[in-house]
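In what follows, a structure is listed as structure tokens, so that the remarks can point back to it.
Nothing in this text is a laboratory measurement; each read-out follows from the coordinates by a stated rule. Everything numeric in this text was worked out from a predicted model, so none of it was measured. Every residue, glycine among them, receives a Cβ derived from its backbone with ideal geometry; neighbour counts consider all protein chains shown.
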Amino acid sequence: QVLSDVFNAPVFTIDTANSACLGSAYRAIHGLVAESNVSLADVVKLAPEPRLAVTPTPGAEEVYRPLLKRYAELEQKVIYNPASSC
């Protein structure tokens, strides 16, 4: 639920062990074939069918939107000026 609320997006799951690892593997495969213009959708065609797990809590976007903005600002500061962020 937290992911759904923070990113204001529905969360889907698949019925398989280590689904996060499976997602990473699909991304790695996509990276390997990226030069041949194969889409990520084509790479995951054979993946198990996802199931809707949760949707964002109404009103959560108002809480998390400013926090996400602040996080992005801090992340950029660290990336572009790492010495001053310590």
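Scanning the range 10-25 for residues that are assigned to a loop (DSSP other than H, G, I, E, B) and not hydroxyl-bearing (Ser, Thr, Tyr) gives 10, 14, 15, 17, 18. Please verify whether residue 64 is in contact with an Asp or Glu (Cβ under 9 Å, 6 or more places away or on another chain), closer than 18 Å to residue 6 by Cβ and surrounded by 12 or more Cβ atoms within 10 Å (Cβ to Cβ), treating the condition exactly as stated. Against the criterion (in contact with an Asp or Glu (Cβ under 9 Å, 6 or more places away or on another chain), closer than 18 Å to residue 6 by Cβ and surrounded by 12 or more Cβ atoms within 10 Å (Cβ to Cβ)), residue 64 qualifies. When 72, 53, 47, 28 are checked against the criterion of being surrounded by 10 or more Cβ atoms within 10 Å (Cβ to Cβ), aliphatic (A, V, I, L, M), under 16 Å from the mean Cα position of the chain (by Cα) and not in a helix (DSSP H, G or I), a single residue qualifies: 53.
Taken residue by residue, the range 8-19 has at least one member that is of a type outside the set (Val, Ile, Thr), free of Cβ contacts under 8 Å to residues at least 24 places away in the same chain, loosely packed, with under 12 Cβ neighbours inside 10 Å and on the phi < 0 side of the Ramachandran plot.
Applying a threshold of 8 Å to beta carbon distances and a minimum spacing of six or more residues, or different chains, the list of pairs starting in the range 51-76 at a residue that is in contact (Cβ under 8 Å) with a residue 12 or more places away in the chain and ending at one that is polar (S, T, N, Q) and part of a loop (DSSP other than H, G, I, E, B) reads 54/1; 56/8; 57/1; 60/8; 61/8; 64/8; 65/8.
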